[in-house]
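Report on the following structure.
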Amino acid sequence: MTVYQGTIRKMRVSTDTNHLAQYQLPVGDQLVDMNNLIGHHINVSFNDQIHCVHCQTKTKKSFNQGYCYRCLISLAQCDSCIIKPELCHYDAGTCREPQWGEENCFADHFVYLANTGTVKVGITRHVTDGVSSRWLDQGATQAIPIMRVQNRLMSGLVETTFKAHIADKTNWRTMLKSQPEQVDLVALRDELLEKVAEPLTALTEQHGLQAINVVDAPAIEIHYPVDQYPDKVKSINLDKEGQFSGQLNGIKGQYWLLDGDRVINMRKYAGYDLTVETV
C-alpha cells in the first residue's frame, strides 16, 4: 500500500502522442500518476482541513473550487466576468486587479467547438500542440478551434453570437456515461459560421479587422483512460461522506470513475487536505 497525504489541487492533465489524456494529482509536494492507478483499489479520506488555493489561509468552506471567501470577493480571477467574459468591465475602470487583467485578459483567445456528449461552444486561452487543457478538463472527445480573437472580452462577444445556435454548457452526467458518437466538427463549424456571419461582421466593424480571425484547423480526437463507464451516475460528496473507497475504473475530465457507478469531481475539492491510499 502507498499512502499520500496533503492538500490537493486540480489534476494536471496533458496528452501523449496519441492524444490519450495523462493525469497527475498534486497531493502536498507530490504528484501522483493517476493513469497508473486505474484498475487499482483506492481509499480517500478528508482530514477536516481546507486551505485556500490562492492565499493558503485555512478556511471552513471552499468557494469556486478552492478559494476562501476573502479571495472570492477580491480576486479578478473569481469575478463574474471570468464565467461571462462578455461582461468584462476593465474599460470602466472597475477591474478588481488591473495588472492581472492586463496579463491574462489582454491576450489572444480561441473560440472552439467541443464534443462533450453534445457539441458545445467555448473559449480558451491556450491551444498547445493542437490541444487545450480546457478541452481535457471538460471531457471533450473531439474539439476544434474555430476563431482566434484579440482579447477575452472579444472572445465572450463572439461566443455569445454562437450561443444563439449552440449550447455553451457541458452536461457532466452525459459526458461521464459513455463515449459519445462522432460529429463532423468541420462541417458544423462551416454551418455555424454562415449563421453568425452578420453579427461577426458587425463586431469586426466596431472593433477592427484584426479583432476576429477564422482559424482553419483540423478537428482532433481525444481519448481518456477509462476501463468502464457508469450505467448511472452517483456523485460522491466528500463534505458529507468524509471518505470513499473502491476500484478506480477511469478518469475523464476532472472526474474519477469508481465501481458502483460512483463518480467524484476532484477539482471541486482543490484545497482539501486528503489522505490517499492506493493498493
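Tabulated values for the structure
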item: Complete set of residues in the range 152-208 that are among the polar types (S, T, N, Q), at pLDDT below 95 and surrounded by 17 or more Cβ atoms within 10 Å (Cβ to Cβ); result: THR170
item: Residue in the range 240-258 that is assigned to a loop (DSSP other than H, G, I, E, B), outside the structural domain of ALA114 (by TED's automatic domain parsing) and within 24 Å of LEU185 (Cα to Cα) present; result: yes
item: Those residues of the range 233-279 which are of a type in the set (Lys, Arg), closer than 16 Å to ILE42 by Cα and surrounded by fewer than 16 Cβ atoms within 10 Å (Cβ to Cβ), in sequence order; result: none
item: Helices (runs of 4 or more DSSP H) completely within the range 34-115 that count 2 or more residues being of a type in the set (A, V, I, L, M, F, W, C) and within 28 Å of THR7 (Cβ to Cβ); result: 69-74, 80-83
item: Residue in the range 55-64 that is in the same structural domain as THR128 (by TED's automatic domain parsing) and over 18 Å from the mean Cα position of the chain (by Cα) present; result: no
item: Qualifying positions in the range 3-23 - farther than 15 Å from TYR269 by Cα, of a type outside the set (Gly, Ala, Ser) and either part of a strand (DSSP E or B) or free of Cβ contacts under 8 Å to residues at least 60 places away in the same chain (or both); result: VAL3, TYR4, VAL13, THR15, ASP16, THR17, LEU20, GLN22, TYR23
item: Residues satisfying the stated conditions in the range 89-134, i.e. over 18 Å from the mean Cα position of the chain (by Cα) and hydrophobic (A, V, I, L, M, F, W, C); result: ALA92, CYS95, TRP100, PHE106, ALA107
item: Residue list for the range 176-214, restricted to those being in contact with a helix residue (DSSP H, G or I) (Cβ under 9 Å, 6 or more places away or on another chain), in a loop (DSSP other than H, G, I, E, B) and of a type in the set (A, V, I, L, M); result: VAL196, ALA211
item: Residue match in the range 116-139 (condition: modelled with pLDDT under 95 and among the acidic types (Asp, Glu)); result: yes
item: Residue within the range 125-135 that is assigned by TED's automatic domain parsing to the domain that holds GLY156, closer than 30 Å to VAL3 by Cα and not in a loop (DSSP other than H, G, I, E, B) present; result: yes
item: Selected residue [acidic (Asp, Glu) and over 30 Å from GLN142 (Cα atoms)] from ASP48, ASP33, ASP16; result: ASP48
item: Subset of the range 36-54 (residues that are farther than 29 Å from ARG70 by Cβ and buried (at least 17 other Cβ atoms within 10 Å of the Cβ)); result: LEU37, ILE38, ILE42
item: Options TYR67, TYR112; residue that is farther than 26 Å from PHE162 by Cα, aromatic (Phe, Trp, Tyr) and surrounded by 19 or more Cβ atoms within 10 Å (Cβ to Cβ); result: TYR67
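The values are calculated or read from the model by the stated rules, or taken from the named source; none is laboratory data. In this text the structure is predicted, and so the values were computed from the model without any measurement. Positions of Cβ are backbone-derived with ideal geometry, glycine not excepted, and every protein chain shown enters the neighbour counts.
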